[in-house]
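A.B. asks: Take a look at this one; I'll ask things after.
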Amino acid sequence: MARQLAVAADPRHSGAMTPFAWLLGFVLPACGFAGAQGLPAPGPLDLGHLHRPASPNTALAAPAGIASDIVTPIYPAPPQRLYAEVIAMAADQPRTFVAAEFPAERQVHFVVRSALLNFPDLVTAQVSDAGSGASLLVLYSRSVYGYSDLGANRRRLSAWLAALQVRINPKAER
């Protein structure tokens with residue numbers, strides 16, 4: 001069962017909109033809301049059978065063997081720990097809000113808002129068991145509006161994976 005999560009009172013997650021975003025909300029409705037509001041509540045995604053659009057406004061990070069933009073490693077952490085670390089890492093990202101969580105599937109959906117015009121992007125994370133106390137991670141980031149994202153979704157996933165690596169292995173030499 002999905003559970004909606006409240007956003008902490010953190011200035012990075014204030015949800016405050018610029019006047020431009022408020023006006024844009026008349027044309028692109030989801031831009032006129034704060035946080036995860038304004039978008040339909042997401043349901044669980046079957047990331048193993050994902051059909052990406054032809055438009056260049058998505059990015060996928062997945063383990064080797066899955067056609068993706070970025071290959072994710074096998075994480076040396078049990079699935080529940082990696083899942084918790086993914087949620088904590090995302091909470092540290094600016095203008096990122098939990099839209100829905102499916103703990104039984106270890107899947108969580110985020111809404112990430114752009115700074116100026118409040119454009120919403122959707123990011124789904126799912127952790128699975130790789131055996132022997134290790135885990136796999138799939139991240140799927142996509143734009144709600146626009147044909148192209150100018151690489152924003154791929155850059156976001158790269159930044160999130162780097163931040164997650166620091167959380168999982170803080171003492172690793174870089």
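Values in this text are rule-based calculations from the coordinates and carry no lab data. Because the structure is a prediction, the values reported are computed rather than measured. Methodologically, a virtual Cβ is constructed for each residue, glycine included, from the backbone with ideal geometry; neighbour enumeration extends over all protein chains shown.
A.B. asks: Calculate, for SER132 and ALA159, the FRET efficiency according to 1/(1 + (r/R0)^6) with r their C-beta to C-beta distance and R0 30 Å; round to the nearest 0.05.
C.D. replies: Efficiency computed from Cβ-Cβ geometry: 0.55.
A.B. asks: Could you give the size of the charge dipole of the chain about its Cα centre, using +1 on the Cβ of each K and R and -1 on the Cβ of each D and E, expressed in debye and rounded to the nearest 20?
C.D. replies: 260 debye
A.B. asks: Provide the packing ranking of 154-165, 35-46, 120-131, i.e. peptides ordered by the mean count of other C-beta atoms within 10 Å per residue, highest first. Could the numbers behind the result be given before it?
C.D. replies: Details: 154-165: 17.2, 35-46: 14.7, 120-131: 20.2.
Taking the mean over residues of other Cβ atoms within 10 Å, the ranking is 120-131, 154-165, 35-46.
A.B. asks: Relative to the longest principal axis of the chain, what angle (0 to 90°, nearest 10) does the C-alpha long axis of helix 79-91 take?
C.D. replies: The two axes meet at around 30 degrees.
A.B. asks: So, one more: Cβ under 13 Å from TYR83's Cβ, TYR83 left aside: what net charge do those residues give with Lys, Arg +1 and Asp, Glu -1?
C.D. replies: Result for the local shell: -1.
A.B. asks: So what's the angle, to the nearest 10 degrees on a 0 to 90 scale, between helix 152-168 and the longest Cα principal axis of the chain?
C.D. replies: Approximately 40 degrees, to the nearest 10.
A.B. asks: Further question on the same structure: Any idea how far apart TYR145 and ALA84 come out in nm if each label point goes 7 Å out from Cα toward Cβ?
C.D. replies: Spacing of the two 7 Å Cα→Cβ label points: 3.8 nm.
A.B. asks: With r defined as the distance between the Cβ atoms of HIS51 and VAL27 and R0 fixed at 30 Å, what FRET efficiency is calculated, to the nearest 0.05?
C.D. replies: 0.60
A.B. asks: Check which residues have an amide H placed less than 5 Å from ASN169's amide H, if you skip close sequence neighbours.
C.D. replies: Close amide H contacts, sequence-distant or interchain: none at all.
A.B. asks: Okay, next question. Only helical DSSP H runs with n ≥ 4 go in: add -39500 (n - 2.57) per run for the chain, normalise by residue count and round the 222 nm mean residue ellipticity to 500 deg cm²/dmol.
C.D. replies: Mean residue ellipticity at 222 nm (helix-derived): -6500 deg cm²/dmol.
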